[in-house]
Amino acid sequence: QVQLVESGGGSVQAGESLRLSCVASGRVDLIQILQWHRQAPGMERKLIAGLINDGSTMYSDLVKGRFTISRDAAKNTWYLQMNNLQPNDTAIYYCNAPYDAWGQGTQVTVSA
């Protein structure tokens, strides 16, 4: 019912920044909450940020103060601004919406 596509990942050095995008299509009207998760090899997928349509946000302590989630409703796009990236931020990043909608993931690699 909802399709999501992430982009914006890449390889950076510690201290640098990236901005991830999540473009939604299909029944975009069903998206009342959008979440970002990440997963490193051999590790469980972790919820790191969320945005409800009323403007409420949630951040994992792992990223609070460094990452910011936002939305451009006119473009059906959500963003994750990631500042001061560190090596342990290395993971595949996914966006997620209701009805088990997931993007394909975008790789973020941070070197020391």
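The values are calculated or read from the model by the stated rules, or taken from the named source; none is laboratory data. This is a predicted model, so every value here is computed, not measured. So basically every Cβ, Gly included, is an ideal-geometry build from the backbone, and we count neighbours across all protein chains shown. The accessibility values were calculated without ligands, DNA or RNA, using every heavy atom of the protein model including side chains. Shrake-Rupley method; radii C 1.70, N 1.55, O 1.52, S 1.80 Å.
Simple spin-label model, 7 Å along Cα-to-Cβ: I33 to N84 in nm?
2.8
How charged is the neighbourhood of Q81? Take every other residue with its Cβ under 10 Å from the Cβ of Q81, and add Lys/Arg as +1 and Asp/Glu as -1. Working shown, then result.
Details: positive: R19, R66; negative: none.
After counting each charged neighbour, the total is +2.
For the chain, which whole percent of the accessible surface, found with a 1.4 angstrom probe, sits on carbon and sulfur atoms? Let's see the in-between values first.
On the way: 2870 of 5850 Å².
So the carbon and sulfur contribution to the accessible surface is 49 percent.
Per residue of segment 40-56, what does 6.51 cos²θ - 1.76 cosθ + 1.60 with θ = phi - 60° give for ³J(HN,Hα)? Whole Hz please, x for Gly and Pro, Karplus curve as stated.
The phi angles translate into 8, x, x, 10, 6, 5, 10, 6, 10, 7, x, 9, 9, 5, 7, x, 5 Hz.
Write down Rg/Rh for segment 1-59, rounded to two decimals, with Rg from the C-alpha atoms and Rh from the Kirkwood relation over Cα pairs. Intermediate values should be presented prior to the final figure.
Values: Rg = 13.6 Å, Rh = 13.5 Å.
Using only Cα positions, Rg/Rh for segment 1-59 is 1.00.
P(r) for segment 6-112, please, calculated from all Cα pair distances in 5 Å bins and given in %.
2, 12, 25, 27, 19, 9, 4, 1, 0
For the chain, what does the accessible surface come to per residue with a 1.4 Å probe? Please give it in Å².
Details: 5850 Å² over 112 residues.
Using a 1.4 Å probe on heavy atoms only, each residue of the chain averages 52 Å².
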